[in-house]
Amino acid sequence: MPQSIDQLKSIETWVFDLDNTLYCATTNLFGQIDLRMKSFISGFLKVEPNEAFKIQKKYFREYGTTLRGLMDRHEVNPKEFLDYVHDIDLRKLKANPILDKALKKLNGQKIIFTNADVGHTLRVIERLGISHHFTDIYDIVASNYIPKPQPEAYQMFVKKFELNPKLTVMFEDIAGNLKPAADIGMTTVWVRTNTQWGQESSKGKHVHHEIDNLTTWLNNIVSLY
């Protein structure tokens, strides 16, 4: 398992989470999504916003995503939910030419593995100016709504793209989502955030690298080539 920076030059596949990973969490885009999830639940279940927020977080912790809980407990239409919660203002998201250059120099295929959907993913990476670097997007629909960190989602992902986990690196802002990746042999990189859910399980051996800024770290990697 390549865990030193020098050994990472042998990697064949680079797997990136989307939100709070490919862009900095300080943009607070997920804060908008969070509010829209609460709004959707409040309207759909006809409960007060405070109660909707409790349900939202309860399902996130129990099911991996709020959506999975809503589907299992309340038969929510997933497309309606995803369309609603991802209808957000992306103006704070700016093109990142430094990340663009780093991804261009990074050897190997690059895939996005996200609990969001393709539509939201494309809007984000187009705003960042990096959409042309990714060979594929594996979203929550592709995984049959089985979210990270469910091990089955990772097994399906590896099978679909015929990956060698030992030659694959995964980047995530939620440390707990890296455990199934490490369990099947991937090298893991935790992009630190100040969110409680992102930090949970961050002290385990499944986190091989901890970084504060994806762009800076990738530039260090490509400088070795």
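The values are calculated or read from the model by the stated rules, or taken from the named source; none is laboratory data. Keep in mind it's a predicted model, so treat the numbers as computed, not measured. Methodologically, a virtual Cβ is constructed for each residue, glycine included, from the backbone with ideal geometry; neighbour enumeration extends over all protein chains shown.
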TODO: Looking only at region 175-186, decide whether some residue is surrounded by fewer than 15 Cβ atoms within 10 Å (Cβ to Cβ) and in contact with a His (Cβ under 8 Å, 6 or more places away or on another chain).
DONE: yes
Task: From Leu8, Leu18, Leu35, Leu22, residue being part of a helix (DSSP H, G or I) and buried (at least 19 other Cβ atoms within 10 Å of the Cβ) - done: Leu8
Task: Condition broken by Gln150, with the remaining ones in (1) closer than 23 Å to Leu93 by Cα; (2) more than 13 Å from the chain's Cα centre (by Cα) satisfied - done: (1)
Task: Scope region 176-222; condition in contact with a strand residue (DSSP E or B) (Cβ under 8 Å, 6 or more places away or on another chain) and modelled with pLDDT under 90; matching residues - done: Ser202
- [ ] Look through Glu162, Glu152, Glu172 and report the one residue that is charged (D, E, K, R) and crowded, with 18+ Cβ neighbours inside 10 Å.
- [x] Glu172
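So which residues in region 50-64 are in contact with a Lys or Arg (Cβ under 8 Å, 6 or more places away or on another chain) and either among the polar types (S, T, N, Q) or at pLDDT 95 or above (or both), if there are any at all?
The answer is Ala52, Phe53, Gln56, Tyr59.
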TODO: For region 169-225, name all the residues that are of a type in the set (Val, Ile, Thr) and free of Cβ contacts under 8 Å to residues at least 60 places away in the same chain.
DONE: Ile184, Thr188, Val189, Val207, Ile211, Thr216
Open item on the list: With the requirement that a residue be over 24 Å from Glu75 (Cβ atoms) and out of contact with any strand residue (DSSP E or B) (no Cβ under 9 Å at 6 or more places or on another chain), what does region 131-149 give you?
Closed with: Ser131, His132
TODO: Counting only residues that are within 25 Å of Ile174 (Cα to Cα) and in contact with a Pro (Cβ under 9 Å, 6 or more places away or on another chain), give me the helices (runs of 4 or more DSSP H) lying completely in region 39-85 with at least 3 of them.
DONE: 66-74
- [ ] Provide a single number: the residues in region 85-141 that are free of Cβ contacts under 8 Å to residues at least 40 places away in the same chain, surrounded by 18 or more Cβ atoms within 10 Å (Cβ to Cβ) and over 21 Å from Cys24 (Cβ atoms).
- [x] 3
